Amino acid sequence: MPSATADLATTWAFLEEGVDHIMTKLQTGVSYSKYMSLYTVAYNYCISSKINNSTSETGLGGLGNRTGANLMGSDLYNHLIRYFVIHLKQLRDQSETLQEENLLRYYAQEWDRYTTGANYINRLFTYLNRHWVRRERDEGRKNVYPVYTLALVQWRTNLFVPIQQKHTKLAGAVLRLIEQQRNGETIDQGLVKKVVDSFVSLGLDETDTNKACLDVYKEHFEGPFIAATEKFYIQESESFLAEHSISEYLKKAEERLKEEEDRVERYLNTQTRKVLISKCEHVLIREHASLMWDSFEDLLDYDKDEDLQRMYSLLSRIPEGLDPLRKRFEEHVKKAGLLAISRLAGEGAVEDVLDPKAYVDALLEVHQKNSETVTRSFRGEAGFVASLDKACRDFVNRNAATGSSNTKSPELIAKHADLLLRKNNKLAEEEDLEGALNRVMILFKYIEDKDVFQTFYTTKLSKRLIHGVSASDESEASMISKLKEACGFEYTNKLQRMFTDMSLSKDLTDSFKERMQQNHGDMDITFSVMVLGTNFWPLNPPGHDFVIPAEILPTYDRFQKYYQQKHSGRKLNWLWNYCKNELRTNYLNQKYILMTSSYQMAVLVQYNKSDTLSLEELLVATSIPKELMTQILALLVKAKILVNEETDQYDLNPSHTTYSLKDFKSKKIRVNLNQPIKAEVKTETADVLKAVDEDRKFVIQATIVRIMKARKTMKNQSLVQEVISQISQRFAPKIPDIKKAVDTLLEKDYIERVDGQRDTFAYVA
């Protein structure tokens, strides 16, 4: 071991032998004392202030013309450089004849040995790094590095670059191995990782040697790797598609993308992931997106769920990849919905007699099937949900059954809800009623003219309540709650008031009966009444006179008097067209109870005085219009209660023995004669639509006043747009109707035109 004052030649001779042993024979081991001797000699030389007489030698790429302590450091540093250069030249010479995987194995093996040795050498020269190297770098000499970094710089300059310059031997060999793996061959992934990691390690940030730098990796490996990847997948995807179906290609593309993700994890730098996957997505998906879009409808038609999932998953990876799918999906759903209703309408179902259940089931089937597709294949993605909703809104409101009418669909859906909520309903028996109502609400969401549904629903509810045919109060309340949740309190206010009226009417009937028993013990007529608020019930009194039969007149008069005493100032309008009666037959061997409408009752009680009556006599006795009377009589004749042997002459059956063969008979004691009359059904629809039109006029006017009160002045176009925006949740207003409402409000002085400003209105306070 040289003395602390030994000269450079003596010092370096001792150090070089130790450095070489560490760099080339480390596997044979280094004793602790030997290592400490080397460390001490390097340390002693660095702190020596003695300046040798011999001239300082300048190393390769090193530093010269320095004095004092600086000279000591630069001497050692230059000798280290010279050592690394000579050592690496030997390695380079040995690699000359090697090719492909053999070259990579040699390179990886030497890299492991070299970097391990360099680590030890770096620690030997800790003092040099800590003082001399740091000071040199602080003074701006960026070409001076800590010893370990110096070893890497020398490796890069004297081994890596020369080998790589010969036909990119290193990176080319790595890329060919990766291609072999892509072609299904097994490769040594650990070898690839070692070589690729060395490219990362060789990067150098001149300003901070501890900072990772990927310039070598990107220049020599990542760039060529991405180019090779692009070329490989362009060729593969085109040749694969030429021989296979789109379904198989989707599977292949999915597999390839997963492989590339794995490749990054196994042996590439993580920063390559983004650029690699982006390139693969471009080549495998973007370049063939048109083909995927064009094949989408076939996959939908044949319910290829797995393929749809794959296509969604792949196209969601590229910008705007899903937009064409969403548009095609919307068209597909719309087409399916229109086709389903066309088939239904084509099966002989006339528009007026289309079965509401069949209609609703057809709509729901299309919705459910495609809703499941959205959830299962498109992961419930918001864009596809919006496409489904838009398509459903289209075919629910406009289809073969609705024709040009916007009111037909809400009417049929409301009628279906009515059927569900009635007693003895097979639909409710077959399946869960609550579930069936939830499905009605699915369609309700898509109805544009919700006010039409509301009016039909209110009308049907009123009939259910009047005739006592609701399945249950719980189901009625549940449906109203659903409508309230969907449209707000105002939408269901009337419906809730109807239930209140029914409850009050029950109490009123009970108290009236109690009073009558106290005052009139001779009452032999069972009587119950419903007093319903005109504003809340969609019921119209008959538009003709009616002679109240003498049999019920005393009860009528007593109730009128009782009600006026209880509620002075209220006017009762009697809705004879909705009343029901029960008559007991005393003229037949078997006694029957006939359940009739008030008009049928008024006709039949006339036969208490005579067995045979003419049409004219019946018209005079009841004041029922002739058109309605003929329908009532036709129904009674059909039921064999009356016999019509002569024109306009109606006899009670049997009033003479000649009719004995046609005697009225029934297996049931209670016989329901109160069947709906066609004219009434048609009138109901017409009345509902008329009521809707009237309501709309007021809704539009009220909306305009509300907007103008808030804005004070507004241009016509802006006002129209704002009205449409506010009302569209309830119904789709027509622009001519809005203009009419504006004219009406101008006449009534709610708004006025602004002088000098065209098409501008102001609110009149």
| said: Of all residues being open to solvent by 10 Å² or more (accessible area, probe 1.4 Å) and not acidic (Asp, Glu) in the range 444-457, which is modelled with the highest pLDDT? Just the residue, please. | reply: Lys445
| request: Being buried (at least 17 other Cβ atoms within 10 Å of the Cβ) and outside any helix (DSSP H, G or I) is the filter; apply it to the range 269-313 and report the residue that is nearest to the chain's Cα centre (by Cα). | output: Lys304
| said: Out of the residues in the range 576-586 meeting the condition of being more than 19 Å from Arg464 (Cα to Cα) and open to solvent by 80 Å² or more (accessible area, probe 1.4 Å), tell me which one is modelled with the highest pLDDT. | reply: Arg584
| remark: Going through the range 495-545 in order, the residues found to be over 58 Å from the mean Cα position of the chain (by Cα) and open to solvent by less than 50 Å² (accessible area, probe 1.4 Å) are Met516
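So that you can scan it fast, the table gives a plain yes or no per residue for (1) assigned to a loop (DSSP other than H, G, I, E, B); (2) closer than 17 Å to Leu202 by Cβ; (3) touching a His at 6+ places or on another chain (Cβ under 9 Å):
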{"site": "Phe84", "(1), (2), (3)": "no, yes, no"}
{"site": "Leu88", "(1), (2), (3)": "no, yes, no"}
{"site": "Arg135", "(1), (2), (3)": "no, no, no"}
{"site": "Tyr145", "(1), (2), (3)": "yes, yes, no"}
{"site": "Ala151", "(1), (2), (3)": "no, yes, no"}
| said: Testing Ser405 on (1) open to solvent by less than 50 Å² (accessible area, probe 1.4 Å); (2) assigned to a helix (DSSP H, G or I), one condition comes back false. Which one is that? | reply: (2)
| message | Which condition from (1) open to solvent by 50 Å² or more (accessible area, probe 1.4 Å); (2) without any contact (Cβ under 8 Å) to a residue 12 or more places away in the chain; (3) of a type outside the set (S, T, N, Q); (4) assigned to a helix (DSSP H, G or I) is the one that Asp208 breaks? | response | (4)
| Tabulated pairs, the range 745-765, first in contact (Cβ under 8 Å) with a residue 60 or more places away in the chain, second open to solvent by less than 100 Å² (accessible area, probe 1.4 Å), C-beta under 8 angstrom, 6+ apart or interchain | none
| said: Which count do you get for residues in the range 314-325 that are surrounded by 19 or more Cβ atoms within 10 Å (Cβ to Cβ) and part of a helix (DSSP H, G or I)? | reply: 3
| message | Within the range 1-45, take every residue that is of a type in the set (Gly, Ala, Ser) and within 14 Å of Asp75 (Cα to Cα) and give me the one that is farthest from the chain's Cα centre (by Cα). | response | Ala6
| Residues Val147, Val216: which one is in contact with a Gly (Cβ under 9 Å, 6 or more places away or on another chain), β-branched (Val, Ile, Thr) and surrounded by 15 or more Cβ atoms within 10 Å (Cβ to Cβ)? | Val216
| said: If a residue must be without any contact (Cβ under 8 Å) to a residue 24 or more places away in the chain and among the aliphatic types (A, V, I, L, M), how many such residues does the range 238-276 contain? | reply: 2
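This table checks each residue for (1) of a type in the set (Lys, Arg); (2) in contact (Cβ under 8 Å) with a residue 40 or more places away in the chain; (3) within 30 Å of Ser313 (Cβ to Cβ); (4) in contact with a Pro (Cβ under 8 Å, 6 or more places away or on another chain).
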{"position": "Asp355", "(1), (2), (3), (4)": "no, no, no, no"}
{"position": "Gln368", "(1), (2), (3), (4)": "no, no, yes, no"}
{"position": "Ser371", "(1), (2), (3), (4)": "no, no, yes, no"}
{"position": "Thr375", "(1), (2), (3), (4)": "no, no, yes, no"}
{"position": "Arg379", "(1), (2), (3), (4)": "yes, yes, yes, no"}
{"position": "Ala382", "(1), (2), (3), (4)": "no, no, yes, no"}
{"position": "Cys392", "(1), (2), (3), (4)": "no, yes, yes, no"}
{"position": "Val396", "(1), (2), (3), (4)": "no, yes, no, no"}
{"position": "Ala401", "(1), (2), (3), (4)": "no, yes, no, no"}
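For the range 97-114, which residues satisfy the criterion of being part of a loop (DSSP other than H, G, I, E, B) and in contact with an Asp or Glu (Cβ under 8 Å, 6 or more places away or on another chain)?
none
Regarding Arg515, is this residue basic (Lys, Arg) and assigned to a helix (DSSP H, G or I)?
Working: basic (Lys, Arg): yes; assigned to a helix (DSSP H, G or I): yes.
Yes, satisfied.
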| task | Mind listing whichever residues of the range 472-494 are free of Cβ contacts under 8 Å to residues at least 60 places away in the same chain, open to solvent by less than 40 Å² (accessible area, probe 1.4 Å) and of a type in the set (A, V, I, L, M, F, W, C)? | result | Ile480, Leu483
| Among the residues of the range 744-760, is there at least one that is surrounded by 14 or more Cβ atoms within 10 Å (Cβ to Cβ), within 36 Å of the chain's Cα centre (by Cα), under 26 Å from Gln454 (Cβ atoms) and not basic (Lys, Arg)? | no
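Of everything in the range 115-126, what is in a helix (DSSP H, G or I) and open to solvent by less than 60 Å² (accessible area, probe 1.4 Å)? Give them in sequence order.
Residues satisfying the conditions are Thr115, Gly117, Ala118, Ile121, Asn122, Leu124, Thr126.
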| query | Is there a residue being free of Cβ contacts under 8 Å to residues at least 24 places away in the same chain, open to solvent by 60 Å² or more (accessible area, probe 1.4 Å), under 16 Å from Leu88 (Cβ atoms) and polar (S, T, N, Q) anywhere in the range 165-183? | reply | yes
| message | Here is a check on your reading of the model: is Gln726 polar (S, T, N, Q) and either part of a helix (DSSP H, G or I) or touching an Asp or Glu at 6+ places or on another chain (Cβ under 7 Å) (or both)? | response | yes
| remark: Being without any contact (Cβ under 8 Å) to a residue 60 or more places away in the chain and either more than 26 Å from Phe512 (Cβ to Cβ) or open to solvent by 10 Å² or more (accessible area, probe 1.4 Å) (or both) narrows Lys638, Lys591 down to just Lys638
| message | Can you confirm whether Arg266 is open to solvent by 50 Å² or more (accessible area, probe 1.4 Å), in a helix (DSSP H, G or I) and under 30 Å from Pro162 (Cβ atoms)? | response | yes
| said: The conditions are (1) open to solvent by less than 60 Å² (accessible area, probe 1.4 Å); (2) of a type in the set (Ser, Thr, Tyr); (3) touching a helix residue (DSSP H, G or I) at 6+ places or on another chain (Cβ under 8 Å), and Ser342 fails exactly one of them. Which is it? | reply: (3)
| request: Find the residue count for the range 257-297, including only residues that are small (Gly, Ala, Ser) and touching a helix residue (DSSP H, G or I) at 6+ places or on another chain (Cβ under 6 Å). | output: 1
| the range 512-565, residues that are of a type in the set (Phe, Trp, Tyr) and in contact (Cβ under 8 Å) with a residue 60 or more places away in the chain | Trp537, Phe546
| note | Checked the range 429-462 for anything touching a residue at least 60 places away in the same chain (Cβ under 8 Å) and in a helix (DSSP H, G or I); matches are Arg439, Val440, Ile442, Leu443, Lys450, Asp451, Val452, Thr455, Phe456, Thr458, Thr459, Ser462
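The values are calculated or read from the model by the stated rules, or taken from the named source; none is laboratory data. The shown structure was predicted, so the numbers you read here are calculated from the model rather than taken from an experiment. Quick reminder, even Gly has a Cβ in these numbers, built from the backbone with ideal geometry, and neighbours come from all protein chains shown. Note: accessible area is taken over every heavy atom of the protein model, side chains too, but ligands, DNA and RNA are not part of it. Shrake-Rupley method; radii C 1.70, N 1.55, O 1.52, S 1.80 Å.
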